[in-house]
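The structure that follows is given in the form of structure tokens.
Where a number appears in this text, it was derived from the coordinates with a stated rule and is not lab data. Note that the coordinates shown come from a computational prediction; the quantities given were computed from them, not determined experimentally. Don't worry about glycine lacking a Cβ; one is built from the backbone with ideal geometry, like all the others, and counts go over all protein chains shown.
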Amino acid sequence: MRTTLDLPEDLIDEAMKATQINTKTRVIITALEDLIRKSKISGLKKYKGKMDLDIDMDAMRERKCRY
């Protein structure tokens, strides 16, 4: 999809240098993907400590792999 945006050139240049990405399109896509990932992680953090998975980590560590 083609979209016209008015973005600060210095911000795009800085992002390209920081990420070693060579195209403006790729740096924008990467930034959007990172924003989405961080948003999803933030949404999952609200469940921290609220779910009991009933997992015995000691028993899992003692399992022997039979490969």
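Which value at 222 nm does the chain reach when only helices count, each DSSP H run of 4 or more adding -39,500 (n - 2.57), with the total divided by all residues and rounded to the nearest 500 deg cm²/dmol?
-18500 deg cm²/dmol
Under a crude label model (7 Å from the Cα following the beta-carbon direction), how far is Asp34 from Ile55 in nanometres?
With each label point 7 Å from Cα toward Cβ, the separation is 2.8 nm.
Oh, and also: What residue among Gly49, Thr23, Leu5 has its Cα farthest toward the positive end of the dipole of the chain, where the charges are +1 on Lys, Arg and -1 on Asp, Glu, each on the Cβ?
Going by the charge dipole, the pick is Gly49.
Right, here's the next one. If I compute mean projected area of the Cα convex hull in nm² from the structure I just sent, which labelled value in [x] 9.7; [y] 5.2; [z] 7.2 lines up?
Recomputing mean projected area of the Cα convex hull in nm² here picks out [x].
In straight Cα distance, which aspartates and glutamates are under 20 Å from Lys17, not counting same-chain residues fewer than 8 positions off?
Within reach: Asp6, Glu9, Glu33, Asp34.
Further question: Based on Cβ point charges of +1 for Lys and Arg and -1 for Asp and Glu, what charge dipole magnitude is obtained for the stretch 9-48 about its Cα centre, in debye rounded to the nearest 20?
Numbers: 9 positive and 6 negative charges, 109 e Å.
Once rounded to the nearest 20, the dipole reads 520 debye.
Give me, ordered by chain and number, the residues 5 or more places off Ile21 or on other chains with an amide H under 5 Å from its own placed amide H.
none
Here's a follow-up. Just how large is the dipole of the chain about the Cα centre, in debye to the nearest 20, putting +1 at every Lys and Arg Cβ and -1 at every Asp and Glu Cβ?
On the way: 15 positive and 12 negative charges, 82 e Å.
Taking the Cα centre of the chain as origin, the dipole is about 400 debye.
Quick one: Cα convex hull volume of the stretch 9-48, Å³ per residue?
67
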